[in-house]
Each structure stands twice: as C-alpha cells, then as structure tokens.
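Quick notes on the structure that follows.
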Amino acid sequence: MNSVAKYFRFDELWTNFRTEIIAGLTTFVSMAYILFVNPTVLGAAGMDKGAVFTATGVATIFMGLVARYPIAIAPGLGVNAFFAYSVVIGMKVPWQTAMAGVLVAAIIFLLLTFFKIRETIINMIPQDLKVAIAAGIGLFIAFIGLANAGLIVANDSTMVSLGHLTSGTSLLSIFGIIVTFILIATRVPAAIFIGMVITAIVGIISGLIDLPSHLISSAPSLAPTFGESINHITDINTFQLFTVVLTFLIVTFFDTAGTMIGLATQAGFMKDGKMPRAGKALMADAIGMTAGAVLGTSPTSAYVESSAGMAVGGRSGLTSVTTGILFVFALLFSPLLSVVTSQVTAPALIVVGVLMAENLRNINWDDFAIAAPAFLIVIGMPLTYSISDGIALGFILYPIMMIATKRAGKVHPLMYALAAIFLIFLFIVAH
C-alpha cells in the first residue's frame with residue numbers, strides 16, 4: 001500500500017487510497033453510458049454492437065499508470081456520430097474503410113506525439129484561452145446534463161426550450177439535482193457519487209428504472225471488428241477519404257487537447273501555464289486511439305466526465321486505473337449498468353459544469369481583444385455541441401484581434417498556423 005501511495009504521489013497531491021478509489025468509481029459511473037451509447041451509434045453504421053461494446057475504453061489504465069493523471073479515455077461522443085452518420089451513411093463509405101481511416105489518423109497521432117508536436121501546440125496556447133476552454137467544457141457538459149435530464153429539449157422555433165418537467169424521468173432528475181446540490185453545498189464527502197446512488201435507488205423504488213433480469217453475462221466477442229482497419233488500410237486512396245482522415249485527426253486532436261487542458265486547469269495541475277507530463281498523457285491518448293481502431297471503435301478522447309472524479313478528490317493516476325479496471329470488470333456485469341440511466345448521471349454533469357464554470361473569473365475581461373475570442377470558445381462549445389468547434393471559433397479570432405490591436409508579435413507563430421488550419425477545418429465540416 002505504501003509503494004502505491006509513493007508511486008502515485010499521494011502526499012504531494014494531498015490525496016489517499018480511499019479518495020482515489022471513490023473518484024475512479026465516480027468517473028466510471030459518470031461515463032458508463034458510453035458503454036451503451038457507442039455501440040448504438042456505431043451499430044447504425046452496420047458494426048456489430050457486441051464487439052463495439054467490448055472495444056470501448058482501452059486506454060484509461062495506461063493513462064493512470066504512465067501519465068499518472070485522473071483522466072479517463074474512451075470513444076468520443078460526436079466523432080463517433082461523424083463516423084457513423086456522415087462518413088458511413090452519408091458518404092456511403094464501408095465501415096471497414098472508415099475504421100481504416102481512424103487507424104491512419106491514429107498513426108499520425110502517434111508520430112505527432114512522439115516528436116512532441118502535440119505537446120508544443122498545447123503549451124503555446126495563451127493562458128486566457130486555456131481557462132476559457134475549461135469554462136467552456138463546464139458549460140458544455142452542463143448542457144449535456146440538462147438535456148439528459150429532460151429539462152431542455154429541441155425546439156424548431158427557438159432551437160431549445162424548457163422540457164416536460166412533470167414527466168417521471170424529469171422529476172427524478174430534478175430530485176437528483178437538488179439532492180446533489182445540497183450535498184455539495186454542505187461539503188459532504190463524495191457528494192456527487194452519493195447523489196447518483198440515491199437517485200438510482202429512488203428511480204428503482206418508483207419504478208422509473210428497471211432492475212436487470214440477471215447480473216452476469218459473458219463479454220461479447222471482438223471477432224466481427226478486430227483487425228478490419230488493418231485489412232482495409234489500402235482503401236484510403238481517394239481525396240474524399242484523405243479528407244475524412246484529416247477530419248478525424250483535427251477533431252480528436254483538439255477535443256482531447258482541449259479536454260486535457262480544461263481538466264488539468266480545473267484540478268490545479270497546470271504549472272506556469274503548462275501541463276506537466278503532457279507528453280505521457282498525450283501518448284496514452286494516441287495509443288488508446290490506435291488500439292481502439294484495431295479492436296474496432298471510433299476515435300477515442302479524454303473524457304470531460306473525468307471532472308466528476310476530480311470533483312470528489314481524485315488527483316492521481318490511481319483514479320484512472322480504478323476507472324479502467326471497472327471498464328474491464330463491466331464487461332462481465334454489463335446488465336447491472338442499465339441501472340445507471342441518463343437521469344442518474346445528469347445531476348453529476350450539471351454539478352461539475354457549475355464547478356468548472358468558475359474558470360470564467362480568470363479570463364481578462366478588461367481586454368476585449370482577449371475577452372472576445374475567449375467568449376467564443378466558452379459559448380461555442382455548448383451551442384455547436386462540440387469542444388473542437390468552440391476552440392476553432394476562438395482560435396481563429398484570437399490572432400485577428402491581436403493584429404488589430406498591434407500585438408501581432410506577441411502571438412506564437414503556431415497560433416497563426418492553427419487559425420489557418422481551423423478555417424480549412426470549418427470549411428470542410430460545413431460542406
């Protein structure tokens with residue numbers, strides 16, 4: 001036990017074994033939905049749902065052991081929808097070929113990470129934009145939480161509107177939100193996790209959440225998807241497919257980079273505007289994406305739900321190791337996860353959104369040239385339903401504002417390059 005504490009630097013991080021285990025469990029429960037959402041999305045592309053279920057979440061343990069950050073990695077929401085609905089269904093690209101595109105993007109990822117290009121890009125992002133990313137992610141996941149709770153719904157006239165608050169599921173979410181808010185406000189340890197447990201129990205008692213018919217099942221086989229990306233890698237030979245690879249690369253790069261910066265800022269890991277051991281964290285992400293492509297799942301990303309584990313005190317890699325082990329364990333107890341519905345996790349996402357929004361106070365609002373691009377990042381993430389799109393809006397405007405205010409020389413050359421890349425990226429996405 002002492003060796004574990006020493007390796008994960010418990011004393012330095014002011015944490016302990018119990019806190020880290022609870023944090024890992026909290027992160028897992030908060031993002032367990034991906035075990036069911038990802039197979040559903042990729043299943044629409046014709047992929048075997050059981051194989052996709054088993055392939056989900058392969059790099060979190062590596063993140064914990066090597067980079068020693070409490071950050072979980074799993075297939076990214078949004079990019080999996082792009083894979084299924086835009087590439088496979090929209091462009092009529094076979095899923096095997098699309099998966100080969102993911103593998104090519106992952107290999108490029110590995111090269112960029114190995115030569116520390118990704119780390120360099122992250123470190124040169126201005127501090128105000130980094131904290132804007134953290135705050136934007138907070139609003140984004142709060143928006144997701146409100147939608148999962150049924151408190152906001154799509155509306156053709158106003159885009160979004162208030163949901164049906166009298167429905168049973170919405171009332172369960174409201175109950176969970178209030179309970180969790182009270183637990184947080186009264187400083188109850190592990191408040192977010194306790195709030196989810198209480199919400200799940202009330203859901204079961206009220207009949208809104210069904211108990212599973214059995215607890216244990218065997219892990220589905222990977223055979224239908226394993227290695228298909230390798231077998232079809234020679235199919236990546238047209239401009240259209242090169243564009244698909246580029247989109248996978250850009251979206252995943254900045255989704256992960258933005259999420260890692262936001263989480264590191266929220267947890268207080270940043271030192272002089274830089275993320276310690278960023279290279280190892282990015283390598284864990286790159287390896288996870290590569291392994292996922294071989295096993296048969298869409299691009300992986302650092303998960304914003306990791307902030308739920310951080311919110312209950314998770315600060316070391318043991319949090320990620322715990323989450324990763326639970327992902328493996330969940331393959332045998334998958335029926336039990338059906339109890340963790342979106343109404344159960346919604347309060348956790350909303351609370352974490354509130355906690356991460358505090359980063360707004362660290363933006364220099366008195367300097368409009370900085371405040372404007374920071375604001376676009378913050379508001380862009382929830383309104384475009386994309387971390388990378390929100391970052392794109394701010395990163396394009398930032399150098400323009402610096403040039404306009406005669407501070408062009410203070411902008412890192414890579415920021416100009418990123419602005420150009422994001423312009424091309426948005427053009428590709430828009431068309």
Requested in this report: May I ask you to list the residues in the range 320-341 that are modelled with pLDDT of 80 or more and either crowded, with 23+ Cβ neighbours inside 10 Å or assigned to a helix (DSSP H, G or I) (or both)?
Outcome: S320, V321, T322, T323, G324, I325, L326, F327, V328, F329, A330, V339
Requested in this report: Within the range 200-221, track down each residue that is in contact with an Asp or Glu (Cβ under 9 Å, 6 or more places away or on another chain) and part of a loop (DSSP other than H, G, I, E, B).
Outcome: P220, S221
Query - Checklist (1) open to solvent by 10 Å² or more (accessible area, probe 1.4 Å); (2) in contact with a Ser or Thr (Cβ under 9 Å, 6 or more places away or on another chain); (3) of a type outside the set (S, T, Y) applied to V102, failing item - result: (1)
Query raised in the report: Restricting attention to the range 36-53, and to residues there that are at pLDDT below 80 and either under 17 Å from the mean Cα position of the chain (by Cα) or within 19 Å of G227 (Cβ to Cβ) (or both), which single residue is most open to solvent (accessible area, probe 1.4 Å)?
Result: F36
Requested in this report: Give V131, V153, V197, V179 a once-over and let me know the one that is farther than 30 Å from T265 by Cα and either modelled with pLDDT of 90 or more or not in a loop (DSSP other than H, G, I, E, B) (or both).
Outcome: V153
Report task. Just need a number here: residues in the range 296-319 that are closer than 13 Å to G353 by Cα and either of a type in the set (A, V, I, L, M) or surrounded by fewer than 24 Cβ atoms within 10 Å (Cβ to Cβ) (or both). Result -> 4
Report summary line: Within the range 18-28, the residues that are more than 14 Å from the chain's Cα centre (by Cα) and surrounded by 15 or more Cβ atoms within 10 Å (Cβ to Cβ) are T19, E20, I21, I22, A23, G24, L25, T26
Query - Hey, T405 of a type outside the set (F, W, Y), open to solvent by 30 Å² or more (accessible area, probe 1.4 Å) and either out of contact with any helix residue (DSSP H, G or I) (no Cβ under 7 Å at 6 or more places or on another chain) or farther than 30 Å from A154 by Cβ (or both) or not - result: yes
Report summary line: Residue pairs qualifying under the 9 Å Cβ cut-off, at least six apart or on distinct chains, with the first in the range 177-193 being basic (K, R) and the second being open to solvent by 90 Å² or more (accessible area, probe 1.4 Å), are none
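The values are calculated or read from the model by the stated rules, or taken from the named source; none is laboratory data. Keep in mind it's a predicted model, so treat the numbers as computed, not measured. In this analysis, Cβ positions are derived from the backbone assuming ideal geometry, glycine residues included, and neighbour counts consider all displayed protein chains. Surface accessibility is based on the protein's heavy atoms, side chains included, excluding ligands, DNA and RNA. Shrake-Rupley method; radii C 1.70, N 1.55, O 1.52, S 1.80 Å.
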